[in-house]
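Some notes on the structure that comes next.
The values are calculated or read from the model by the stated rules, or taken from the named source; none is laboratory data. All of these numbers come straight from a predicted model, not from anything done at the bench. Note: ideal-geometry Cβ built from the backbone for every residue, glycine included; neighbour counts use all protein chains shown.
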Amino acid sequence: MSQHTVPNMPLKQLNRISPSKYFSLQACILREIWSADTQINGLLPAAAIIKIGTVAHKVLELTVKGSVKNEEDAVKQWDIEVKAIEEEMSSNWLEKHLLPLSKRARYYEVKRQQCLIMVRSILLRGGISGITRHSSIQAEVWVESHNGKVAGKIDVVRQTSEGIQIVDYKTGAVLDIDAGTDVVKQEYQQQLKIYAALYNEKYCNWPEHLVILTLGHKEYDIPFTRKECTELLEKASARLDEVNVMITSAYNTKELANPTPDNCRYCAYRPACEAYWAARDLTGLWPIDCFGRIIDKRVLNNGNLRITLSNGTNNAVIRGLDPERHKICNLSDNDVYFYNLNADSTPGYYSENLLTTFYSK
Ligand code: SF4
């Protein structure tokens, strides 16, 4: 199997649901089945800034755990985590061209500085308003439902004079822009509410506050009732059973897929998803992907490739392809699928960006 061939993607039952995945499991079961399978890798590269979010998260976790004791440690730890992620990426054909992260990740230095400011704040007062340095703090607290069906790690649990706070660090956008100002995305609200119920199941103690803390040092308190948290936990547990029954009885992947522009936009499994290609159209709402048989392929004076595809109805021209990265020179007469393109102002014309990837049939 070549790098550019979609691998076999089995459907395995889910062992459990993580609170962070409950919302996305409602959106598309197929995506979550594949993403839960540790034997399956994403088929499209993740944006470099997501890797930086992972680095920041790790540095903050080690600060809360006490391994990072001062800002100098934090600077060193940042470099260690970046190096570890870069090593992993360098052996992945999908992502090695995104190195070094310091150059390829947008807002690299902004995120780094925000992380260091947050470290300082955690070292002083746990990073959260109104908390004194004497409050007890635990990082990566594992919580699991009695039946084992819902489980996950809480980023931070703080014991304060006001009671327990459950805190989740987020390194990306947290607000629901369609819902008005300062409304946290439903998925994050549900995640924290399920954590609250799980925490209570384990410790017989309800938290007083559920807090989202961003890298930009904004803090959002999620209002909740105990009843809704308990109900959400019950729903998540029941959903696991329903989904596993669906997986057992599904004849093909299409029965588990829910292709919509919003669901599919950032899905790394589009190359394996028949339902996606059956559902998508050429409206600008869907990801900018295209497919067809190669009918022309040429290297331009600037060394970049330009190829023309025909899908039987329309032609698509893709310019600016890096021949080193795409190795498409060896292909002829193949059906190819291109993902994550930029659309030119002329209809039917596209160009590549750092996330552009192709698969052939
Ligand atoms: S491409 Fe869309 S429908 Fe297919 S698995 Fe991904 S999110 Fe689901």
Going through the range 85-107 one residue at a time, which ones are touching a residue at least 12 places away in the same chain (Cβ under 8 Å) and either among the basic types (Lys, Arg) or in the same structural domain as TYR339 (by TED's automatic domain parsing) (or both)? ARG104, ARG106
I need the helices (runs of 4 or more DSSP H) fully contained in the range 1-106, keeping only those with at least 1 residues that are within 15 Å of the ligand (Cβ to nearest atom), farther than 30 Å from ILE137 by Cβ and aromatic (Phe, Trp, Tyr). 29-36
Can you tell me how many residues in the range 301-330 are over 13 Å from TYR350 (Cα atoms) and touching a Phe, Trp or Tyr at 6+ places or on another chain (Cβ under 7 Å)? 3
Take the conditions in contact with a strand residue (DSSP E or B) (Cβ under 9 Å, 6 or more places away or on another chain), away from the ligand (no atom under 16 Å from the Cβ) and under 16 Å from GLY348 (Cβ atoms) and apply them to ARG298. Does it pass? no
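Condition check ((1) near the ligand (Cβ under 9 Å from one of its atoms); (2) at pLDDT 95 or above; (3) in the same structural domain as LEU355 (by TED's automatic domain parsing); (4) closer than 20 Å to ALA47 by Cα) across all residues:
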site	(1), (2), (3), (4)
ALA250	no, no, no, no
THR253	yes, no, no, no
ALA257	yes, yes, no, no
ALA268	yes, yes, no, yes
TYR276	yes, yes, no, no
ARG293	no, no, yes, no
Tally the residues that are within 20 Å of GLN165 (Cβ to Cβ) and either within 24 Å of the chain's Cα centre (by Cα) or acidic (Asp, Glu) (or both), restricting the search to the range 230-254. 2
Taking into account only those residues within the range 281-291 that are more than 9 Å from the ligand (Cβ to nearest atom) and within 24 Å of the chain's Cα centre (by Cα), which is surrounded by the fewest Cβ atoms within 10 Å (Cβ to Cβ)? GLY284
Of everything in the range 261-273, what is surrounded by 15 or more Cβ atoms within 10 Å (Cβ to Cβ) and out of contact with any helix residue (DSSP H, G or I) (no Cβ under 6 Å at 6 or more places or on another chain)? Give them in sequence order. ALA268, PRO271, ALA272, CYS273
For the range 143-191, name all the residues that are polar (S, T, N, Q) and within 15 Å of GLU219 (Cα to Cα). GLN165, THR171, THR181, GLN189
With criteria (1) at pLDDT 95 or above; (2) under 23 Å from LYS170 (Cβ atoms); (3) not aromatic (Phe, Trp, Tyr), ALA48 comes up short on (1)
